[in-house]
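Below is one structure, written out as structure tokens, with a few remarks after it.
The values are calculated or read from the model by the stated rules, or taken from the named source; none is laboratory data. This one's a predicted model, so the numbers in the text were calculated from it and none came from an experiment. Neighbour counts run over all protein chains shown; Cβ positions are idealised from the backbone, glycine included.
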Amino acid sequence: MNRRHFLTGATGALAAGQMAGAPGRRPALSFCDCALDPQSAAQRVPVGAQALEGFGSKVRITNLKTFGVTIPGAAADRPYTFVKLETNAGLSGWGEGTLEGKANAVMGCLEDFREFLIGADPMPVEHHWQSMYVHSFYRGGPVMGSAISALDQALWDLRGKILGVPVYKLLGGPNDPDGVRGYYAANARTLDDLRRLRETASAQGITAFKGGLPNYYEWIETHEKITEAVRHIETLREGLGPDLDIAVDFHAKTSPSVASVIIKEIEPLHLLWVEEPCPPENVKAMARIARRVATPIATGERLVASYGVRELVEQGVVDILQTDMNHVGGITALWKVAALANVSGISMAPHACEGPIGMLASLHLDSAIPNFLIQECCGQAAPQVRDKVWEEWFGFPAMRMVNGKYPLPEKPGLGFELTEEALKKYPFNGSRPMARVFHKDGSVAEW
Amino acid sequence: MLMIGVFVSAQLNPQLEMSTLDVFPVREPVSKRAYTVLRLRTRSGPAGYGECSGVSPADLAALRAAIQGKEASSFESIRRGLTVSAPALAGLNMAMLDIVGKFTGVPVYQVLGGPTRNQARALAQIEGETDDAIMAAVGQARAAGHRAFLIPVPATHSRNHSATLVNATRQRLDRARSAGGEGCDFVLDARGKLTPGDASALAAALERFHLLWFDEPCPLSNLSAASKVAGENVTPVGFGRFAAEAGVFQDLLRGDAVDVLRPDLCRHGITQIRRIAAVAEPYYLAVAPFHDGGPIATAAALHLAASLPNFFIQQVPYPAAEEDRRMRSRLTGKPVEDVRDGFLQLPVGPGLGVGVNEPAFTEYQERAA
């Protein structure tokens with residue numbers, strides 16, 4: 001039987017016995033859904049957000065602008081990617097989608113979403129999120145995740161400004177009116193430096209720090225390098241003392257095997273967590289580490305949407321999730337990740353190592369979730385170049401802790417005013433690749 | 001550094017600051033369905049209304065203490081310190097969101113990030129024990145605009161008698177499909193009363209009837225019993241009206257034991273069901289909140305539906321007695337349970353968007369039996 005004959009035969013069988021309903025009402029068959037505009041041909045349902053007209057506000061988005069922002073002299077700083085949504089109401093919303101090493105890609109992706117938002121009401125943020133994510137067809141990924149994050153934050157900023165309230169109030173917060181507990185990086189090289197940092201912490205009310213590993217690691221490691229890593233972490237505890245919480249970021253430099261050996265050695269130090277003990281793509285690998293050690297395991301900064309964390313939560317692999325406001329899909333997605341985590345008793349310690357917009361958005365979210373632990377900002381106890389620039393932009397010290405907490409912005413929306421003029425001093429100087437590191441033999445190392 | 005006006009201050013906005021909470025237990029005259037309306041007042045702003053299955057005197061005292069010195073927008077911080085029953089918290093949640101919506105001048109679904117849809121599919125909860133009573137109610141509900149019906153499994157007299165059960169159920173459903181007419185759909189409700197074996201046999205026999213789903217097919221006492229029903233056939237199953245904890249839903253999802261999540265609106269409230277829905281979303285599953293309360297909770301359900309991406313259908317009680325239906329329409333100033341072509345309409349106006357008719361609370365007040 002040739003293919004044509006087979007198809008004819010099958011249709012005959014359907015007509016004879018299988019198909020319910022009157023023959024005259026059979027639907028037209030469709031052979032391919034790859035047409036780029038399948039629904040508008042039928043014209044039965046208004047396209048896009050038009051279907052929701054009359055159920056939202058009269059505000060309409062009139063423009064979408066992307067900004068690459070480079071701060072010269074800020075060694076650790078990526079070029080930031082910001083987005084601004086302008087409206088016919090004179091209000092603007094800002095969001096951030098900084099993705100290290102891929103600034104051009106995110107700015108391109110933001111442009112790809114232009115048609116989704118121009119002319120639309122900014123209020124139904126969940127609708128826009130779903131449309132951007134689902135209608136992109138190809139799911140997830142950090143480039144799209146970061147672009148959606150930026151637009152989601154900008155929509156929430158607009159929503160708060162339109163309604164005249166800070167975003168945390170729309171989310172049910174604040175858990176703590178004094179602000180959001182945070183930590184700084186433990187930027188110290190020696191035991192003496194660490195002891196001075198401990199005194200600074202005591203004076204400023206800082207309650208937690210994060211350190212890292214001192215080297216790069218191969219699939220299996222030598223006694224020497226394992227001992228060096230263990231001593232390094234022991235020094236952190238010795239210098240910072242018993243009362244501060246200490247997290248150690250393995251930054252996925254280690255394989256599951258090497259990470260397990262190191263973590264077993266440092267269990268007596270009672271760390272707040274060990275972060276990304278192996279790369280993020282393989283939940284079972286992460287689970288293998290978590291099963292063998294008692295130290296809490298944190299991960300998630302590279303994951304997108306609640307889809308990205310489902311398996312980690314389902315398998316009860318981790319103690320702490322760290323999805324990032326600028327990659328996970330903004331406030332909408334981070335709230336959902338927190339909801340999933342909460343049901344399994346997993347805490348949230350959102351990652352943040354980019355610009356200030358995503359961080360301020362994180363504060364609103366942090367202050368309104370039940371399972372919040374602590375918020376990162378990649379800052380240091382002593383203000384850095386970027387802190388000065390941020391204060392220049394916003395008129396207040398953003399992400400600087402007071403008594404161990406970041407004060408919560410109170411103005412409507414995300415709680416800051418930013419002008420394009422302020423950004424002009426920091427023009428985009430191109431995408432900056434992430435660090436590339438190699439082992440002694442020239443092979444590629446995790447960083 | 002003191003930054004006045006930039007960061008959060010301790011000062012409360014009297015438009016949002018909650019002051020008094022009162023409860024009004026009411027009861028439908030014929031069905032005897034009982035529920036409680038909550039009225040939450042602010043210092044100088046609007047009052048908010050909520051609804052739940054009931055608030056005990058101890059819970060009422062605890063809620064009244066908890067709202068002092070707090071703004072109606074701060075549900076998360078209030079929830080933190082409270083150990084009241086879930087329904088009491090659910091009712092407070094609705095009333096607080098009603099105030100936030102009225103304060104910001106928009107429907108609650110907009111506060112929550114919606115709308116995600118412009119109407120909400122309705123599921124009429126049909127009353128009646130005999131086939132005849134059920135067919136009459138289906139016909140009536142159909143005439144009132146309903147297209148989807150929640151039908152009880154026929155009562156049977158012993159366990160493990162699948163032939164009798166299958167035949168009686170099939171007969172009831174076939175008659176209901178005729179009574180409902182073209183374009184009608186059905187949810188079969190076993191109320192958690194069948195054995196897993198009976199439930200699985202029935203679900204398998206009905207695979208080609210294309211139920212929307214089979215609701216509470218067996219008791220949710222343990223996951224392996226529940227998994228049996230979903231694992232042995234393709235009839236979708238719903239679970240959740242008896243689940244007190246969100247973790248139960250997560251276990252059902254993990255165990256591939258469920259197709260539709262059925263959290264009870266008057267037990268979990270808007271915010272908690274939003275969290276349960278968030279758990280379901282990455283499993284590509286929807287919520288269809290269970291609802292056996294009154295019309296104010298129906299309004300809350302519509303705002304919930306319009307805020308969720310993964311909402312499917314909203315159950316609404318459809319009392320067989322005209323007196324009960326009249327009471328439901330009189331509790332609210334404007335109709336919220338009218339159905340057109342199978343869909344409930346989103347309430348219009350700030351907050352929950354229902355004008356509440358307080359004199360009716362006294363008229364239908366629940367009295368000790």
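Odds and ends about this structure:
- The stretch A:76-99 - residue that is free of Cβ contacts under 8 Å to residues at least 60 places away in the same chain and part of a loop (DSSP other than H, G, I, E, B) and, of those, surrounded by the most Cβ atoms within 10 Å (Cβ to Cβ): A:Asn88
- Within the stretch A:183-192, being within 30 Å of A:Cys278 (Cβ to Cβ) and assigned to a helix (DSSP H, G or I) holds for one residue alone: A:Leu191.
- In the set A:Leu269, A:Leu236, only one residue is crowded, with 21+ Cβ neighbours inside 10 Å and within 30 Å of the chain's Cα centre (by Cα); that residue is A:Leu236.
- Qualifying residue in the stretch A:398-415 (condition: part of a loop (DSSP other than H, G, I, E, B), within 14 Å of chain B (Cβ to nearest Cβ) and among the aromatic types (Phe, Trp, Tyr)): no
- Boolean, B:Val111 is within 14 Å of chain A (Cβ to nearest Cβ), free of Cβ contacts under 8 Å to residues at least 24 places away in the same chain and β-branched (Val, Ile, Thr): yes
- Breaking point among (1) more than 13 Å from chain A (Cβ to nearest Cβ); (2) over 20 Å from the mean Cα position of the chain (by Cα), for B:Leu188: (2)
- Within the stretch A:416-432, the set of residues being buried (at least 17 other Cβ atoms within 10 Å of the Cβ) and part of a loop (DSSP other than H, G, I, E, B) comprises A:Phe416, A:Leu418, A:Tyr426, A:Phe428, A:Ser431.
- From the options B:Leu265, B:Leu253, residue that is closer than 27 Å to B:Gly355 by Cβ and in contact with a Phe, Trp or Tyr (Cβ under 8 Å, 6 or more places away or on another chain): B:Leu265
- Members of the stretch A:132-154 that are facing chain B (nearest Cβ under 10 Å) and over 16 Å from the mean Cα position of the chain (by Cα): A:Val134
- If you go through the stretch B:170-208 and keep only what is touching a Ser or Thr at 6+ places or on another chain (Cβ under 9 Å) and within 17 Å of B:Val138 (Cβ to Cβ), you end up with just B:Leu188.
- Being within 26 Å of B:Asp189 (Cα to Cα), assigned to a helix (DSSP H, G or I) and more than 18 Å from the chain's Cα centre (by Cα) is a description that applies to B:Arg326.
- Count of the stretch B:80-115 residues, restricted to those that are part of a loop (DSSP other than H, G, I, E, B) and either within 20 Å of the chain's Cα centre (by Cα) or at pLDDT 95 or above (or both), is 8.
- One residue from A:Val318, A:Val304, A:Val328, A:Val337 being at pLDDT below 95 and buried (at least 24 other Cβ atoms within 10 Å of the Cβ): A:Val318
- Index of the failed condition, B:Phe75 passing every other in (1) within 11 Å of chain A (Cβ to nearest Cβ); (2) farther than 30 Å from A:Ile162 by Cβ; (3) not polar (S, T, N, Q): (2)
- Here B:Glu207 passes the criteria (1) among the acidic types (Asp, Glu); (2) more than 22 Å from the chain's Cα centre (by Cα); (3) buried (at least 21 other Cβ atoms within 10 Å of the Cβ) except the one numbered (3).
- For the stretch B:191-203, residues that are within 23 Å of B:Pro289 (Cβ to Cβ) and more than 18 Å from the chain's Cα centre (by Cα) total 4.
- Breaking point among (1) away from chain A (no Cβ under 14 Å); (2) of a type outside the set (Lys, Arg); (3) in contact with a Pro (Cβ under 6 Å, 6 or more places away or on another chain), for B:Val138: (3)
- A:Ala349 being among the hydrophobic types (A, V, I, L, M, F, W, C), buried (at least 19 other Cβ atoms within 10 Å of the Cβ) and more than 20 Å from A:Asn187 (Cβ to Cβ): no
- B:Gly145 being in contact with a strand residue (DSSP E or B) (Cβ under 6 Å, 6 or more places away or on another chain), away from chain A (no Cβ under 14 Å), within 26 Å of B:Pro46 (Cβ to Cβ) and not hydrophobic (A, V, I, L, M, F, W, C): no
- Subset of the stretch A:324-371 [within 14 Å of chain B (Cβ to nearest Cβ), part of a loop (DSSP other than H, G, I, E, B) and within 19 Å of A:Tyr406 (Cα to Cα)]: A:Ser367, A:Ala368, A:Ile369, A:Pro370, A:Asn371
- Among residues of the stretch B:231-266 being in a helix (DSSP H, G or I) and surrounded by 24 or more Cβ atoms within 10 Å (Cβ to Cβ), the one that is nearest to the other protein chains (Cβ to nearest Cβ) is B:Phe249.
- When the stretch B:293-303 is filtered for residues that are in a helix (DSSP H, G or I), away from chain A (no Cβ under 12 Å) and within 16 Å of B:Pro263 (Cβ to Cβ), the ones remaining, listed by number, are B:Ala297, B:Thr298, B:Ala300, B:Ala301.
- Candidates are the residues of the stretch A:322-356 that are more than 12 Å from the chain's Cα centre (by Cα) and hydroxyl-bearing (Ser, Thr, Tyr); the one that is nearest to A:Gln375 (Cα to Cα) is A:Ser347.
- Residue in the stretch A:193-210 that is surrounded by fewer than 22 Cβ atoms within 10 Å (Cβ to Cβ), assigned to a helix (DSSP H, G or I) and within 14 Å of chain B (Cβ to nearest Cβ) present: yes
- Qualifying residue in the stretch B:144-155 (condition: among the basic types (Lys, Arg) and either in contact with a Cys (Cβ under 6 Å, 6 or more places away or on another chain) or crowded, with 20+ Cβ neighbours inside 10 Å (or both)): yes
- Scanning the stretch A:100-136 for residues that are small (Gly, Ala, Ser), touching a residue at least 12 places away in the same chain (Cβ under 8 Å), surrounded by fewer than 24 Cβ atoms within 10 Å (Cβ to Cβ) and part of a helix (DSSP H, G or I) yields A:Ala105, A:Ser131.
- Looking across the stretch B:168-195, the residues that are within 13 Å of B:Ile134 (Cα to Cα), of a type in the set (Gly, Ala, Ser) and surrounded by 17 or more Cβ atoms within 10 Å (Cβ to Cβ) come down to B:Ala176, B:Ala179, B:Gly180.
- Neighbours by Cβ (under 6 Å, 6+ apart or cross-chain): first from the stretch A:377-397, closer than 13 Å to A:Gly355 by Cα and away from chain B (no Cβ under 13 Å); second surrounded by fewer than 18 Cβ atoms within 10 Å (Cβ to Cβ) and of a type outside the set (D, E, K, R): A:Val385/A:Gly73; A:Val385/A:Ala74; A:Arg386/A:Ala74; A:Trp393/A:Ala422
- Qualifying residue in the stretch A:319-330 (condition: under 19 Å from A:Gly173 (Cα atoms) and among the charged types (D, E, K, R)): no
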